[in-house]
Amino acid sequence: FQNVGRNERIIDADQTFSPELRHWRDVFWLAIFIIHLIVLGVLLAIFGLNRFKTADRLNIDRYTEGFWENNNGLTETYWPKYAVAGGVGTGLGCIWLLLLGSRANQMMKVSVHILTTYLAVISVLCFWCEQFFWGVAFATGAALQFLYVIAVIDRLPFTMLVLQKAVKLVWSLPEVTRVAYAFMAVMLLWMGIWSFGAAGVVASSRGDLGRWWLLVVLSVSLFWTGAVLCNTVHVIVSGLVFLVLLHGGRNASSMPPNSLMKSLRYAVTTSFGSICYGSLFTAAIRTLRGFRSKIGNNECLLCCVDFLFQLVETLVRFFNKYAYVQIAVYGKGFNRSARDAWELFQSTGVEALVAYDCSGAVLLMGTILGGLITGTCAGVWTWVTWRDRVIMVGSTAMLMGMVLVGLAMVVVESAVTSIYICYAEDPSLIRRWDPQFFNQMSETLHQRLQHRSARAREVLTQNQLDSHMQDTFHL
């Protein structure tokens, strides 16, 4: 296995980070993202200012009469709640980064096991507040989380091993945590503007469906912006980690000079369009793929949605998180990077190992838990003052917390993706870095390939048996 498709690297080590290979990629999506920020910034300013200190300051309520209930709410009534959300989310993200080297493994284990309980508690609180829809939603989430953990319990030891090694790698590069802190500060500044407008929307009406639609639009925008910043950190960190593994250490003589600054410069210039493009789709596709893995043992349900998830698997080839490593190092466009990464995994068999690993799900659990804690803090304060706005403020505050905590979590995910790309391109890179870990990865991959072969033979035998029975029946 280890010699299949691995005789050559995609690009020679001396060519990585080469300025000659750097061209502006996916410029259209870069322009769309920038235009979106400008337009949204103007709308946020209008929404926030219209209710700041004076109701209907800009006299725009007359345009919403008939389909919008206008009242005398003020932006500053709700803006402090979002300030609490930003502070709590930033605090949780900073705590995660501070404990990255000493307690990261324990924190990830806690995230896996406590998330179900926390979702159940939030569900009970929603029922107590007579928010039955949200109570059912959180209860369903708790049940799905519990079933998912039970379904992948046998994968968790290997997953925790990969995460432990990724943390070890990140901890040896303290500059990547400084990058995460810097981008958290940038995100916090944008959230100050975003929450100003969101607070104005919350204050603008009561019990109005239009207000919810506006918040959904603002939340989608915040999600995309947060994903762009997270994936920018992903590109910066994964590029640096890849080079460290490729050259045998950060102090190696062959290591390109100023690697971090080059990675940062390329990420926010020539490759930024690719990041904006990929950020629109990767999270949704990974979520759908994760859902497919949860129903993999339910043959009836799997048959009903097989066509949909065949489409999802096709999209995964074009939208996957491993693309960002190749964007970082080789300066490719997003589609080509995603396709090359997927084909690399398929040709070497490492795709079986990637599918078995649940590190992305574990990190997502930590991100969701951070968002829930943030939303709870903002929601409890809102419940004390404006009980009818708890869900509205709490849900949007939860999104803010997820984005901020996700910026901290992404540094570990970047190391994980770089480890798998390096292992697929040249396993000797991992052997040189950590021989024991290399042996464990190789053993697990051998087991997964054997398992797939056995499953394929079982399916083939069953199909032959069914065909034989049909022939006998017709005779």
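The values are calculated or read from the model by the stated rules, or taken from the named source; none is laboratory data. It should be emphasised that the depicted structure is a prediction, and the values quoted were computed from it without experimental measurement. Positions of Cβ are generated from backbone atoms using ideal geometry, with glycine treated the same way; all protein chains shown enter the neighbour counts. These accessible areas exclude ligands, DNA and RNA; they are computed on the full protein's heavy atoms, side chains included. Shrake-Rupley method; radii C 1.70, N 1.55, O 1.52, S 1.80 Å.
Observations on the structure shown:
- Members of the range 115-128 found to be out of contact with any Phe, Trp or Tyr (no Cβ under 7 Å at 6 or more places or on another chain) and open to solvent by less than 70 Å² (accessible area, probe 1.4 Å), listed by number: Leu115, Tyr118, Ala120
- Residues of the range 416-461 satisfying the condition of being open to solvent by less than 50 Å² (accessible area, probe 1.4 Å) and without any contact (Cβ under 8 Å) to a residue 40 or more places away in the chain: Ser428, Phe438, Ala454
- Selection of the range 263-292 for residues being at pLDDT 85 or above, open to solvent by less than 50 Å² (accessible area, probe 1.4 Å) and not in a loop (DSSP other than H, G, I, E, B) yields Ser263, Tyr266, Ala267, Phe272, Gly273, Ser274, Ile275, Cys276, Tyr277, Gly278, Ser279.
- Single condition Ala139 does not satisfy, out of (1) open to solvent by 10 Å² or more (accessible area, probe 1.4 Å); (2) hydrophobic (A, V, I, L, M, F, W, C); (3) within 26 Å of Thr385 (Cβ to Cβ); (4) over 20 Å from the mean Cα position of the chain (by Cα): (3)
- Per this entry, Thr90 is counted among residues that are touching a helix residue (DSSP H, G or I) at 6+ places or on another chain (Cβ under 9 Å), farther than 30 Å from Tyr330 by Cβ, modelled with pLDDT of 90 or more and of a type in the set (S, T, N, Q).
- Hits in the range 172-195 - residues which are in a helix (DSSP H, G or I) and open to solvent by less than 10 Å² (accessible area, probe 1.4 Å): Val176, Ala180, Met184, Met187, Met191, Trp194, Ser195
- Contacts under 7 angstrom Cβ, first residue in the range 324-353 being in a helix (DSSP H, G or I) and at pLDDT 85 or above, partner open to solvent by 10 Å² or more (accessible area, probe 1.4 Å) and among the small types (Gly, Ala, Ser), 6 or more apart: Ser347/Gly5; Thr348/Gly5
- Residue within the range 65-85 that is within 21 Å of the chain's Cα centre (by Cα), at pLDDT 85 or above and under 25 Å from Met187 (Cβ atoms) present: yes
- The residues on offer are Ser259, Ser204, and the sole one that is at pLDDT below 85, more than 25 Å from the chain's Cα centre (by Cα), buried (at least 17 other Cβ atoms within 10 Å of the Cβ) and of a type in the set (S, T, N, Q) is Ser204.
- Filtering the range 159-171 to residues that are of a type in the set (Phe, Trp, Tyr) and buried (at least 20 other Cβ atoms within 10 Å of the Cβ) leaves nothing.
- Qualifying position, being in contact (Cβ under 8 Å) with a residue 12 or more places away in the chain, over 20 Å from Cys358 (Cβ atoms) and in a helix (DSSP H, G or I), among Trp79, Trp96: Trp79
- Pairs where the first residue, in the range 369-392, is charged (D, E, K, R) and the second is in a helix (DSSP H, G or I) and open to solvent by 40 Å² or more (accessible area, probe 1.4 Å), C-beta under 9 Å, 6+ apart: Arg389/Trp383
- Take the conditions (1) farther than 30 Å from Pro427 by Cα; (2) at pLDDT below 70; Ala13 misses just one of them, which is (1).
- Summed over the range 99-114, residues that are touching a residue at least 12 places away in the same chain (Cβ under 8 Å) and either buried (at least 17 other Cβ atoms within 10 Å of the Cβ) or in a helix (DSSP H, G or I) (or both) total 10.
- Residues in the range 133-161 that are under 17 Å from Thr117 (Cβ atoms) and of a type in the set (Ser, Thr, Tyr): Thr140, Tyr148.
- Selection from the range 143-167 of residues that are part of a helix (DSSP H, G or I) and free of Cβ contacts under 8 Å to residues at least 40 places away in the same chain: Ala143, Phe146, Val149, Ile150, Pro157
- Selected residue (criterion: farthest from Val220 (Cα to Cα)) from residues of the range 248-262 that are touching a helix residue (DSSP H, G or I) at 6+ places or on another chain (Cβ under 7 Å) and assigned to a helix (DSSP H, G or I): Ser259
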